[in-house]
Every structure is written in C-alpha cells, then in structure tokens.
C-alpha cells in the first residue's frame, strides 16, 4: 500500500490533462490579443502617419509664401504643426470670396487673358482648370457612378467609374455608332492608375455602389466587401444571360 502523501499514477495523468489545456489556452489567448491589438493600432498608425505627412507637406509649401511674423514658430520655442494648413484654408477661402465679387471676377478674367497669351502655360492652365472644374463640380455626374464592363475578356467583369460621353468630334470618328460613354477602370491596389476608354453604353452595367465602396473593393483586392456586393454578382450574371440570349436571337 502506497503512502498517502505520494500521488497515484492515475492522479499524475489527470493533473497533466488539466494543466496542458491551460497552457494551450493561454498561448492562443496571447495570439488573439496581439492580433486584436494590431487590427486596432494598425489603422490608427496609418491614419496618423498620413495626416502628419499631409500637414508637414502643406506647411513646407506655405512657409515660403507667408511672412515669418505670421508663424507662431517665430515667438514660441517649439514648432507648431498645422499652421500652414490653417493659413492655406484661410487664403483659399478669401480667394474664393473675392472671386465671387465683380472686382474679383474682373481680375480673374484679366489674369486668364495674360495666361492665354503664353503658348506653353496656356495649355497647362486650361487643362488643369478643366480637370478641377469637372472634379469639384457639384452638378457634374462624371466619376460619380460605378459600373461593370467585360474586361479583359468576355465573361470577366471589372469595376469602372463612369465618366462623360465623348465629344461630338470624337463620336463622329468612332466606328461604333449610338450611345457611347467613357469609363475609367482603376488598377489594384493603386486606384490612381488604370485604363480609360470609350465603349457603347449598352455594354456598361451600372451597379448600386458608391465610389468610396468601389475604391475600397479595388484597393483591398476584394477583401473589403461593400454592403451591395451581393447585388454586384447578380447584376453581372444577369448581364451575361442577356448577352447570351441576345447572341442566340441573332
């Protein structure tokens, strides 16, 4: 008979079974907590870095244009970030206010007349002005609608941003007659680059997605799914069936 202070072999096995799961549970808990911390801190760090980069960039652009007496750094022992952003905002707001008046519009037309006499500068200014007016126009619908087109081949669907129809001088030269539209297809994961082309409006399937949702979907390569993603697949399938029926009818 064994002494009472010495544990039995079955008690030792039971003790091991009880302790080992605890170690495994603790390790998986650390892993879960670490990944949760990364998920929480990662977006905050990226956002803070981008905001800091934007503030420093604007400050460096504005600093040569503003007298040193207007910068708080002149009177304080530390650098105050964001002063250039505030001054740029106030300056642009004041410029817009002056341009809305009769005197401001007169000066603006006079400046454009001077730029119009400069061969190289004239083309750059007019092109940049047209782009800014199109992008920031509240009434224009360019790049405010999302669609699907079959690219790079039939049966493969890509997300595009629907732009304006072609000008008449271009529409007259296109071999395809009828309603045409221009689209921009962003690339993954950098949506600032992509392909821009004309195609018949009947080949574009408009989807109920916002431009923000479309960019999230493109930049994440399909990882971040928008709420209307279920509709997107259904519309693609419906468009494919319509094309097949149309081909069979011909």
What is the one condition in (1) farther than 30 Å from residue 221 by Cα; (2) under 17 Å from the mean Cα position of the chain (by Cα) that residue 130 does not satisfy? (2)
Residues of segment 164-186 satisfying the condition of being touching a residue at least 12 places away in the same chain (Cβ under 8 Å) and part of a loop (DSSP other than H, G, I, E, B): 164, 165, 166, 174, 176, 178, 179
What single numbered condition from (1) loosely packed, with under 12 Cβ neighbours inside 10 Å; (2) not in a loop (DSSP other than H, G, I, E, B) fails to hold for residue 160? (1)
Being touching a strand residue (DSSP E or B) at 6+ places or on another chain (Cβ under 7 Å) and in a loop (DSSP other than H, G, I, E, B) is the filter; apply it to segment 188-227 and report the residue that is surrounded by the most Cβ atoms within 10 Å (Cβ to Cβ). 209
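Any read-out appearing in this document is the output of simple, stated calculations on the displayed coordinates, not a laboratory observation. Treat the numbers as computed from the prediction; the structure is a model and nothing was measured. As a convention, Cβ positions derive from the backbone with ideal geometry for all residues, glycine included, and neighbour counts pool all protein chains shown.
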